[in-house]
Every structure is written in structure tokens, then in C-alpha cells.
Amino acid sequence: MKNRKLLMIPGPIEVDPSVLRAMGEVTTSHVAPNFIESFGNSIELMRKIWLAPNGQPFIVAGSGTLAMDMAVSNLLEPGDNALVISTGYFGERYKNILATYGANVTVLQAEIGEIVSLDKIEEELSSKNYKLVTITHVDTSTGVLTDPKSVADIAKKYNTLTVLDGVCATAGENTPQEAWGIDVVLTGSQKAIGVPPGLALLVVSEKAMTVWKNRKTLVQNYYGSFTNWLPIMEAYEERRPSYFGTPPVNLIRALEVSLNLINTEGIEHRVESHLIYAKAFRKAIQKIGLQLVPKREEIAANTMSAIFYPEGIDGNQFRKDISEYGVILAGGLHSEIKTQYFRVGHMGAINKSDIVATLSAIEFALAKQNYSFTLGESIGTFLENL
Ligand SMILES: *Cc1c(COP(=O)(O)O)cnc(C)c1O
């Protein structure tokens, strides 16, 4: 019997077998010709997938949090004003990172399941000179989707840089970086990019690179400084070996394979599939009486869903039964509602059967606790809405 469980959490996600095989290839030298080619190719592919033909990609060993840390530590100088638009847990994290680098931080906090209104954002950005604004594209603790374009439009008016935490979104939510004028779009390898955890990935606009070049003070971050990494990215893109810190060769080879898969499918098609599956999944869940944490359909993420347990359901038992059935889902993350909801990741190279399997596991666990609904109804609704 197959004993591998289906991993449907908001990262790490199910990895394509070809990506896993790439991880298992012989480890080469970081200056071997085949690795130089993989690294250079990955950098070029990032520009395509980020839709940022003039952006500067960075691929550095670390998690998504390192990408968040690199973005702001390279752009900010002590005493600069920074605005955080927070829709949950990861907005709070950005506040803490910014404070570490001596920024003057203001947080605009949305209520749980909501976004921050554009009026409030404009009012704040016009009130003083902000160096940068951070946006969480999809906050993984609430499943709330923020529209980065409308925020970037306002930020441009006030000459404020935009930093998009796309860790739970990039390659799953629509993000034409250059067309929308977003200065940094960052992510981690283990979310919609579809690689095991371990890589911080960023694409930085020409404008933001100029701001970094013109800084008056040293970057207060040694490992994450662009000063150390830009020459490496430039060298490998020109297919020259270079060294600052040893790159994770197996992970970068796996990244190349996954980015190739996305690029061959086409980023527009990949994003569109996320939209179609997510919409049908939400309808399916709602059909059997479950409620989403996001308060409106327009602000519900397409890479993951945060779902309240129905009245009377024991959440721990529910997730345990789902796991025994063969699917792994995540519990709550937002401290204020932690025990009241669960999270499902539906991003990356997943297919319809993965979602059907997830819905059947949810139904199985609900039925086990005598929740009243018609068995099979969520699956039928999902199929009807595809
Ligand atoms: C997962 C996640 C992070 C943190 O990434 P790590 O790889 O765990 O460091 C940051 N922001 C968002 C929106 C995330 O979903």
C-alpha cells in the first residue's frame, strides 16, 4: 500500500518528481561548468517568471524570511520611515525586521479576514516621507489576498519603494512585477515555486538597485548584503564562476528544473490554473457549510485557504483523522484565532485529483464527528465549478 501522504499545507508543498530527482543528482563543485550553467539559467528564468525583464534576481541560501530581511536591510538606512501593510502574522514579522534595522515603523493593521483600505494607505503615505512600504501578497495566517498593484500605484505618487512579500504567492498569484512597478518581489523556494525549502529568492527593480547604490551608510547585514551577492549573480549570469558563500548546488539545480517546468507551462497559464482551482475549492467548502477566514471572495487567496472549523468540531481530532486518511493539512497560525481554523495549501504543480483527495479527506473527518452534511457534496461542487 502506498504510504506517502499528500502534503497540502501552505508550504512546503508537493514537489514534482523531476525536481526531487534533481535534488538527488551528484553534488558538483560550485565552479563546475554544469553548475555554472544551472545557476545562470535559474537567474534568467526568474526574470521571466517574475515578469521583470530588467530586474536583478538574487538566489541565496536561506528561507523566505532571509529574502524579507535582505530586501529591506539593503534599501533602508537608519532613521528612514517604513510602512507595513499588515493582513496578519507576516506583517508583524516585517515590523520586527524593520525595527531591527533602525527604521521608524508604522503599521496599518487590517482586521482579521480583511485588507487595509486604499484610502488609509494613501492618507498615511501622504503624511510623511516614507522610504518604503511592505505588502504581504497572501498572508499565510489569514488567507487574505492584497492587491499589490493598487498599493504600488499610490506608492509611486509619493516616491515610496514597494516591497512585496510574495512568499505564499509568487508563481501562484498574478504579479507582473515590471508592469505594476513593484520594486522588490520576494519569495522562498518551498511555496508556489515548488522546490524543497532552503532558497531565498528576490527580484529587485532598477530603481531600487539605484537607491541601494546611492546609500550613504553601510548595509547593516553582512550575509545578506547586495554588495556581497550582486557580483555573484552577475558572474554566474555571464557563465563565470565566482565565490562569496558556497551556493547550495543541489537546491539550485532543483530550482532550475522547477522554474523550467513553470516557464514551459507559461506563468500566465500557471496563475490561471491557481485561480480556477481555488475558486472551485472555495465553492466546494462553502457548499458543505464551512466558512472562510477572508470575509469576501475578492480578497481570498488562490494559493491557499484558511477555513473555520464548523461549530462543534474538534480541530485537533479533525486534522488527525485527515492525516490518517492520507492528507496533511495545517492548523491555525494567527494567534487570535489559532484554534478556530485550519489551512489548506493549493499551490504549485498540484492537479485536480489532489484537490479532490483533499476534499474527500475533509468530508471523511467531518463525517467522523457527525457533522451534518451530504457526503460527496463538496466534491460534486468542485467538479461542477471547474
Ligand atoms: C512562509 C512565509 C514566510 C516565511 O518564509 P520562511 O521560508 O518560513 O522563512 C514569509 N511570508 C509569507 C507570506 C509566508 O507565507
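The values are calculated or read from the model by the stated rules, or taken from the named source; none is laboratory data. All of these numbers come straight from a predicted model, not from anything done at the bench. Neighbour counts run over all protein chains shown; Cβ positions are idealised from the backbone, glycine included. Note: areas computed on protein heavy atoms with side chains; ligands, DNA, RNA excluded. Shrake-Rupley method; radii C 1.70, N 1.55, O 1.52, S 1.80 Å.
Points to keep in mind about this one:
- Within region 60-81, considering residues that are assigned to a loop (DSSP other than H, G, I, E, B) and in contact (Cβ under 8 Å) with a residue 40 or more places away in the chain, the one most open to solvent (accessible area, probe 1.4 Å): Pro78
- Taken over region 130-161, the criterion of being open to solvent by less than 20 Å² (accessible area, probe 1.4 Å), more than 16 Å from the ligand (Cβ to nearest atom) and outside any helix (DSSP H, G or I) is satisfied by Tyr130, Leu132, Thr160, Leu161.
Here's the yes/no breakdown for (1) outside any helix (DSSP H, G or I); (2) modelled with pLDDT of 95 or more; (3) farther than 29 Å from Leu199 by Cα; (4) among the small types (Gly, Ala, Ser):
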site: Thr264; (1), (2), (3), (4): no, yes, no, no
site: Val271; (1), (2), (3), (4): no, yes, no, no
site: Ile276; (1), (2), (3), (4): no, yes, no, no
site: Glu298; (1), (2), (3), (4): no, yes, yes, no
site: Ala306; (1), (2), (3), (4): yes, yes, no, yes
site: Gln317; (1), (2), (3), (4): no, yes, yes, no
site: Asp321; (1), (2), (3), (4): no, yes, yes, no
site: His334; (1), (2), (3), (4): yes, yes, no, no
site: Val344; (1), (2), (3), (4): yes, yes, no, no
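- You will find that of Leu164, Leu186, Leu199, the residue that is over 27 Å from Ile276 (Cα atoms) and within 16 Å of the ligand (Cβ to nearest atom) is Leu199 and no other.
- Residue within region 67-83 that is in contact with a strand residue (DSSP E or B) (Cβ under 7 Å, 6 or more places away or on another chain), among the acidic types (Asp, Glu) and over 27 Å from Ser141 (Cα atoms) present: yes
- The residue pairs whose first member lies in region 37-59 and is at positive phi, whose second member is modelled with pLDDT of 95 or more and open to solvent by less than 10 Å² (accessible area, probe 1.4 Å), and whose beta carbons are closer than 7 Å, counting only pairs six or more residues apart or on different chains, are Leu51/Gln177.
So that you can scan it fast, the table gives a plain yes or no per residue for (1) within 16 Å of the ligand (Cβ to nearest atom); (2) under 18 Å from Gly198 (Cα atoms):
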{"residue": "Leu6", "(1), (2)": "no, no"}
{"residue": "His30", "(1), (2)": "no, yes"}
{"residue": "Asn54", "(1), (2)": "no, no"}
{"residue": "Ser73", "(1), (2)": "yes, no"}
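- Where Leu290 falls short, out of the listed (1) open to solvent by 20 Å² or more (accessible area, probe 1.4 Å); (2) part of a loop (DSSP other than H, G, I, E, B); (3) closer than 21 Å to Gly376 by Cα: (1)
- Exactly one residue out of Thr210, Thr175, Thr217 is farther than 16 Å from Thr146 by Cβ, in a loop (DSSP other than H, G, I, E, B), among the β-branched types (Val, Ile, Thr) and open to solvent by 10 Å² or more (accessible area, probe 1.4 Å): that is Thr217.
- Annotation: Ile182 fulfils all but one of (1) in contact with a helix residue (DSSP H, G or I) (Cβ under 7 Å, 6 or more places away or on another chain); (2) open to solvent by 20 Å² or more (accessible area, probe 1.4 Å); (3) in a loop (DSSP other than H, G, I, E, B); the unmet one is (2).
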